[in-house]
Amino acid sequence: MAAKGLPDDDRPPRTGPGRHAKPAGTHGMKAVVAALLANFLIAVAKFVGFAVTGSSSMLAEGVHSVADSGNQALLLLGGKRSRREADERHPFGHGRERYFWAFIVALVLFTLGSMFAIYEGIHKIQHPHPVDKPPWALGILGFALVMEALSFRTALHEADAVRGDATFRQFIRRAKIPEIPVVMLEDFGALVGLLLAAGGIGVAVVTKDGRWDGYGTASIGALLGIIAIVLAVEMKSLLIGESASRKQVEAIRAAIEIEPDVIQLIHLRTLHLGPDELLVGAKVELLHDLTMVEVADAIDRIERNVRANVPNARVMYIEPDIHHDHRARSYVEEHGAQLDHDDPLYAEITGEHRAIDVDGPGNDRPS
């Protein structure tokens, strides 16, 4: 039983995700940088506000922004490490580094962001004290709202560039690019958290009851916990390994089955090695009277056609085999789809033929 991968003279350069022309993952990095700059400025402003007002909501929000800044730094680190070249220990590259660090971000958001805010909120409820200089607190929260809104707008713009016709909820569930969903949910949580903090401070000032500041802080912690759990679930799925989208699988299948020397595709497996790189393994039954040279040529054509349809199918292993229904026969009837090598459409079919539009509607993975 023989297996054939990418031939040496036909192998695309292994530059890793993010280095070939306009990969999907490059969109996410712009959102990460925008969020990092915004959160750093917001964190400074919030800690100034806490020092002036003594508001626990401001303290919780300041810690939240510090955690977010650290999270964006981790995402940038993951993006950089994922571009390292493949080596002997990691022959398929380091693309999953982005999934790993995104998962770490979810854990940091839960532990440092959510747990601290809940603890601080409970403490303030048990030991309330009035909010000092509320105009300072509300002014800083207003500044933070503007900065977070700008960051959130950048994240939405980056998501629009890659989500197609999917809703934002579907995009978060289906996206193979980890950075954009992480930044989107972080920014959304930050915006809602700022409103909760402003509400808690406002009610505490009006009622002269400092416990409302604690309620606002605890609510921020609960919100961050929910977001962290959603992110952890999605990043865990990517880290374990997800298949190609349904449209991409259809395109790969069509690109294999259209080859005239293929009797049938026995089975197909795909796996994301990173956001921009697919591993494709296929077992195909070829015409039984082919020579070894003709088998190699057929597999080369299959690989070219698959990459023409799905460019990020960068690592392929095509294994010739015989379906169990045909093993007992001395021959296999000529299958109807076979083309003559002199057919004028032969080069088009076995070359750059785009069997399926993978960029069209429905390019998703099951929910």
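Any read-out appearing in this document is the output of simple, stated calculations on the displayed coordinates, not a laboratory observation. Everything numeric in this text was worked out from a predicted model, so none of it was measured. Positions of Cβ are generated from backbone atoms using ideal geometry, with glycine treated the same way; all protein chains shown enter the neighbour counts.
Of the GluC sites (Glu not before Pro) in region 250-299, not one is in a loop by DSSP (not H, G, I, E or B) with at most 16 other beta carbons within 10 Å.
Here the 3J(HN,Hα) profile of region 310-324, calculated from phi with Karplus coefficients 6.51, -1.76 and 1.60 at θ = phi - 60°, is 10, x, 8, 7, 8, 10, 10, 10, 10, 10, x, 7, 10, 4, 4 Hz, Gly and Pro shown as x.
Straight-line cross-link partners of residue 30 among the lysines, defined as a Cα under 30 Å from its Cα and at least 8 positions apart when in the same chain: 22, 46, 80, 176, 236, 247. The trypsin sites (Lys or Arg not before Pro) of region 182-253 that DSSP puts in a loop, and whose beta carbon has at most 13 other beta carbons within 10 Å, are 208.
By the beta-carbon count within 10 Å of each Cβ, the least crowded to most crowded order of 87, 261, fewest first, is 87, 261.
Using equal-weight Cα scatterers in the Debye expression, the normalised intensity of region 25-240 in log10 at q = 0.09, 0.13, 0.14, 0.19 Å⁻¹ is -0.36, -0.69, -0.78, -1.24.
In a DSSP loop and with at most 14 other Cβ atoms within 10 Å, the trypsin sites (Lys or Arg not before Pro) in region 83-146 are 84, 89. Report, in whole Å, the centroid distance computed from the Cα atoms of region 230-283 and region 117-173. Going from one Cα centre to the other spans 37 Å.
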